[in-house]
Amino acid sequence: MIFFPPAKINLGLRVLGKREDGFHEIDSCMVAIPFFDVLEILHSESFEFKQTGLQIDGEPNGNLVVRAYDLVASIYDLPPVYIHLQKHIPMGAGLGGGSADATFTIIGLNELFNLNLMSIDIQNLASQLGSDCAFFASSSAQIVSGRGEVLTPYSVDLKNMYLKIVNPGIHISTHEAFSNVKLSSSEKSVKNVLEQPIKSWSAELKNDFESSVIDQYPILSDIKSKLYQEGAVYASMTGSGSTMFAIYEFEPKPTFENYFERIMKL
């Protein structure tokens, strides 16, 4: 069975404060975008995990895909499988690729072994692996709150718009980003801002990680400025960085030869 875990972008990301459990309370809108990893899961006589494409640092056993299999197998006593993950989504880029891979592993195991898990069951399992993981159990845009595991479906109309993502190859760990983040000063929720016309988003739809990450990596400010100069109606950093994305009313041209760049129609 073959699955295509998508990347995501954050339309706004407010960090509201630290919780008693050590996580931070957030407010954001996550939207899946048409940019995918490839995940293959097959029956096998022994467990095997293979990874190709973009290189992932660390031991294979620590990969979120393997951890997702171990979690589900420990609950449902699953037999071994062969898993092949082909990475296209950059790591440490705020695009949620690792989280998507983990959740789609749960989705794949559910289908392969007829576990009859509902979407809420997959969300609950996925949230044990990471704060962004639960989002990928659904294909619709979601307002996310709590530490990222509380989901509310939201309709955001980006039909016929174009999206450009640009990543300069800077890996930013979630721990690093949260250590330096400045808490939100906005009184408006992300949902309130999204209800306004898209051309007004640039003034109020903010990612609270952006200022501290840009302080450390000024090149991101240069990228964002160039995206606006190209005619973007909205540009921002996604997640905890370092990917910048921009939304256009027309199809933009590739302009960042030295960076990872993708253009797609929404």
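Among the residues of the range 175-208, those identified as of a type outside the set (A, V, I, L, M) and under 17 Å from Ser240 (Cα atoms) are His175, Glu176, Phe178, Ser179, Asn180, Lys182, Ser184, Lys206, Asn207, Asp208.
Consider Gly22 carefully, then state whether it is outside the structural domain of Leu194 (by TED's automatic domain parsing), surrounded by fewer than 20 Cβ atoms within 10 Å (Cβ to Cβ) and at positive phi.
Working: outside the structural domain of Leu194 (by TED's automatic domain parsing): yes; surrounded by fewer than 20 Cβ atoms within 10 Å (Cβ to Cβ): yes; at positive phi: yes.
Judged against the criteria, Gly22 is a match.
Can you tell me which residue in the range 162-177 is farthest from Cys133 (Cα to Cα), limited to those that are touching a strand residue (DSSP E or B) at 6+ places or on another chain (Cβ under 7 Å) and buried (at least 17 other Cβ atoms within 10 Å of the Cβ)? Steps first, answer last, please.
Step one: of the range 162-177, the residues touching a strand residue (DSSP E or B) at 6+ places or on another chain (Cβ under 7 Å) are 162-167, 169.
Narrowing the set further to residues that are buried (at least 17 other Cβ atoms within 10 Å of the Cβ) leaves 162-167.
Details: Tyr162: 25, Leu163: 23, Lys164: 23, Ile165: 21, Val166: 22, Asn167: 21 Å.
Among them, the one singled out is Tyr162.
Taken over the range 84-116, the criterion of being crowded, with 24+ Cβ neighbours inside 10 Å and over 20 Å from the mean Cα position of the chain (by Cα) is satisfied by Leu109 alone.
Of all residues in the range 81-112, those that are over 19 Å from Gln55 (Cβ atoms) and either out of contact with any strand residue (DSSP E or B) (no Cβ under 8 Å at 6 or more places or on another chain) or not assigned by TED's automatic domain parsing to the domain that holds Leu125 (or both) total 4.
Checking the stated criteria, Ala100 turns out not to satisfy the condition of being at pLDDT below 95, within 30 Å of Ala232 (Cβ to Cβ) and in contact with a Phe, Trp or Tyr (Cβ under 8 Å, 6 or more places away or on another chain).
Scanning the range 1-49 for residues that are part of a strand (DSSP E or B), at pLDDT 95 or above, more than 21 Å from Val156 (Cα to Cα) and not hydrophobic (A, V, I, L, M, F, W, C) yields Glu40, His43, Glu48. When Thr255 is tested against (1) under 30 Å from Ala137 (Cβ atoms); (2) without any contact (Cβ under 8 Å) to a residue 60 or more places away in the chain, exactly one condition is not met: (1).
All of (1) in contact with a helix residue (DSSP H, G or I) (Cβ under 8 Å, 6 or more places away or on another chain); (2) crowded, with 19+ Cβ neighbours inside 10 Å; (3) at pLDDT 85 or above; (4) in the same structural domain as Ser242 (by TED's automatic domain parsing) hold for Val190 with one exception: (1). Could you check how many residues of the range 192-245 are under 19 Å from Asn258 (Cβ atoms) and either among the aromatic types (Phe, Trp, Tyr) or in a loop (DSSP other than H, G, I, E, B) (or both)? Count: 7.
The set of residues in the range 57-83 being assigned to a loop (DSSP other than H, G, I, E, B), under 19 Å from the mean Cα position of the chain (by Cα) and surrounded by fewer than 19 Cβ atoms within 10 Å (Cβ to Cβ) consists of Asp57 alone.
Can you tell me which residue in the range 207-223 is surrounded by the fewest Cβ atoms within 10 Å (Cβ to Cβ), limited to those that are charged (D, E, K, R) and at pLDDT below 95?
By that ranking, first place goes to Asp215.
Can you pull out the residues in the range 65-88 that are closer than 16 Å to Glu40 by Cβ and out of contact with any His (no Cβ under 9 Å at 6 or more places or on another chain)?
The initial filter retains those residues of the range 65-88 that are closer than 16 Å to Glu40 by Cβ, namely 65-66, 68-69, 80-88.
Scanning the range 65-88 gives Val65, Val66, Ala68, Tyr69, Ile83, His84, Leu85, Gln86, Lys87, His88.
The values are calculated or read from the model by the stated rules, or taken from the named source; none is laboratory data. Remember, predicted model here, so these are calculated numbers, not experimental data. Using ideal geometry, Cβ is built from the backbone for each residue, glycine included, and neighbour counts are taken over all protein chains shown.
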